[in-house]
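Report on one structure; see the data block that follows.
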Amino acid sequence: MYISSLTLKNFRNYKSEKIEFSPLTNLIYGNNAQGKTNILEAVYLFAHGRSHRAKADREMIRFGSEFMALETEFHDNARDYKAELRLAKNGKKNIRINHVQITKLSMLMSYLNVVMFSPEDLELVKGSPSVRRRFIDSAISQLYPSYLANLIDYNKALVQKNFLLKNIRSGNGKGREMLDVWNLQLAQTGAKIMKSRRKSIELLCKFAAGIQNEISGENLTVRYAPGIKCDDITEDAVMEFLQKHSEREIDMGSAQYGVQRDDIAISVDEREARLFASQGQQRTAALSLKIAQADYIESIKSEYPILLLDDILSELDINRRSYLSEKIKNKQVLITSTDCDLKADTEDTKLFCVNGGKIV
């Protein structure tokens, strides 16, 4: 899989630019705050339908403009694609692939597969559980659109349950009979999400453990740590658990159990990486997990995803950088850097100099 071109109009600090990419290594270099990461963000948008860093879509519209528009051409083993994304200042978003309207996010994510590497990925190991949940959700959603649909349905029901619990606790709402209704919906979708996460984390562990061992000789373990404890992941078992803990949730005024509390337990040489691993070990574990995500996607789709490396090579020591450089050979990768001499140790690198929102 590779992307051949990207057109940006009124996107971030770009007025109008078109970029033709190499199917192999592309180095996007320039000083800080010139727009290098914006290019990766635009590619990421076509894969996920949302930005990896913007809190609101309107932040991506160039200052003083009424809209922004992106176009890209990408290719997989089966066919060629042309994708278009337009966002108006009023928040209306329009996405088309080969002229077909994309009406649901779950429809979009199976087309273009990307894996993003950034310095913030260290948070995968030492950050909060929400960071690790986003990581596994991204990996699964790119492969199975139904997973993302279940996740969206679950979060909608969770909002309603939290609203109900808050009202019950404050005495403003009777509604105890409605609690089982929302718990049932959360049990139905939650069991499906839990099964998918457990299976995917087991597969990721196999890939990541081998990668960690190749880089450092260390033993990496990645394990699913669910927010609901039950012997069998079934709708009935999840429902029984939620009902059993209903009184505590009412006392707290919010949902205390469910997939929104899931985590991924990461250990290096049988010690919890978040607490006991050195910064170097944490970096290696994070890198192993991200490469494992790409390998996992390839194992399911028989195609390697596009790699987006946002100023990451300068953060790695020579051993980790050499390993990553070897892994990305013969694959499409978009790299940002302030150093034009940083070519990821690969041949046939195409260079793009960015200055003030222009490819110069």
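The values are calculated or read from the model by the stated rules, or taken from the named source; none is laboratory data. Values in this document were obtained by computation on a predicted structure and should not be read as measured data. Neighbour counts are summed over all protein chains in view; Cβ atoms, including those assigned to glycine, are modelled from backbone coordinates with ideal geometry. All accessible areas refer to the heavy atoms of the entire protein, side chains included, with ligands and DNA or RNA removed. Shrake-Rupley method; radii C 1.70, N 1.55, O 1.52, S 1.80 Å.
Here Leu203 clears all of (1) farther than 30 Å from Arg321 by Cβ; (2) out of contact with any Ser or Thr (no Cβ under 6 Å at 6 or more places or on another chain); (3) surrounded by 15 or more Cβ atoms within 10 Å (Cβ to Cβ) except the condition numbered (1). Give region 192-240 a look and list any residue that's out of contact with any Leu (no Cβ under 9 Å at 6 or more places or on another chain), part of a helix (DSSP H, G or I) and among the β-branched types (Val, Ile, Thr), or say none. Ile201 - this is the single residue of region 192-240 that is out of contact with any Leu (no Cβ under 9 Å at 6 or more places or on another chain), part of a helix (DSSP H, G or I) and among the β-branched types (Val, Ile, Thr).
Screening Leu313, Leu307, Leu324 for residues that are touching a Leu at 6+ places or on another chain (Cβ under 8 Å) and at pLDDT 95 or above leaves exactly one candidate, Leu307. Among residues of region 56-68 that are under 16 Å from Asn94 (Cβ atoms) and of a type in the set (Asp, Glu), those with a Cβ under 7 angstrom from a residue that is open to solvent by less than 20 Å² (accessible area, probe 1.4 Å) and not in a helix (DSSP H, G or I), sequence gap 6+ or separate chain, pair up as Asp57/Leu87.
Could you please give the count of residues in region 126-158 that are of a type in the set (A, V, I, L, M) and either more than 28 Å from Leu186 (Cα to Cα) or open to solvent by 10 Å² or more (accessible area, probe 1.4 Å) (or both)? Here the count works out to 7. Could we say that Ile297 is farther than 30 Å from Ile168 by Cβ, among the β-branched types (Val, Ile, Thr) and touching a residue at least 60 places away in the same chain (Cβ under 8 Å) here? Considered against the rule, which asks whether it is farther than 30 Å from Ile168 by Cβ, among the β-branched types (Val, Ile, Thr) and touching a residue at least 60 places away in the same chain (Cβ under 8 Å), Ile297 comes out as yes.
Matching residues to (1) among the basic types (Lys, Arg); (2) touching a His at 6+ places or on another chain (Cβ under 8 Å); (3) buried (at least 17 other Cβ atoms within 10 Å of the Cβ):
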| position | (1), (2), (3) |
| --- | --- |
| Phe207 | no, no, yes |
| Gln212 | no, no, yes |
| Gly217 | no, no, no |
| Thr221 | no, no, yes |
| Pro226 | no, no, yes |
| Glu235 | no, no, no |
| Glu240 | no, no, no |
| Lys244 | yes, no, no |
| Asp251 | no, no, no |
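When the helices (runs of 4 or more DSSP H) confined to region 103-156 are screened for residues that are of a type in the set (Ser, Thr, Tyr), those reaching at least 1 such residues are found at 105-108, 129-141.
Select from region 340-355 the residues that are over 22 Å from Ala42 (Cβ atoms) and open to solvent by 50 Å² or more (accessible area, probe 1.4 Å) and write down the one among them that is modelled with the highest pLDDT. Applying the filter and picking the extreme gives Asp348. With respect to the stated conditions, Ala78 fails to be of a type in the set (Gly, Ala, Ser) and open to solvent by less than 50 Å² (accessible area, probe 1.4 Å). Just one of (1) open to solvent by less than 50 Å² (accessible area, probe 1.4 Å); (2) in a loop (DSSP other than H, G, I, E, B); (3) in contact with a helix residue (DSSP H, G or I) (Cβ under 6 Å, 6 or more places away or on another chain) fails for Ala83. It is (2). Within region 277-289, is even one residue open to solvent by 50 Å² or more (accessible area, probe 1.4 Å) and at pLDDT 95 or above? Looking through region 277-289, none of the residues is open to solvent by 50 Å² or more (accessible area, probe 1.4 Å) and at pLDDT 95 or above.
Counting only helices (runs of 4 or more DSSP H) that sit completely within region 248-360, those holding 2 or more residues that are more than 18 Å from Leu204 (Cβ to Cβ) and among the small types (Gly, Ala, Ser) correspond to 318-327. If you filter region 52-69 down to residues that are of a type in the set (A, V, I, L, M, F, W, C) and exposed (fewer than 10 other Cβ atoms within 10 Å of the Cβ), you find that the one that is modelled with the lowest pLDDT is Ala56.
Looking across region 126-158, the residues that are touching a Ser or Thr at 6+ places or on another chain (Cβ under 9 Å) and aliphatic (A, V, I, L, M) come down to Ile136, Ala139, Ile140, Leu143, Leu148, Ala149, Leu151, Ile152, Ala157. Note on region 115-125: residues that are over 23 Å from Glu202 (Cβ atoms) and either of a type in the set (Asp, Glu) or open to solvent by 30 Å² or more (accessible area, probe 1.4 Å) (or both) total 2.
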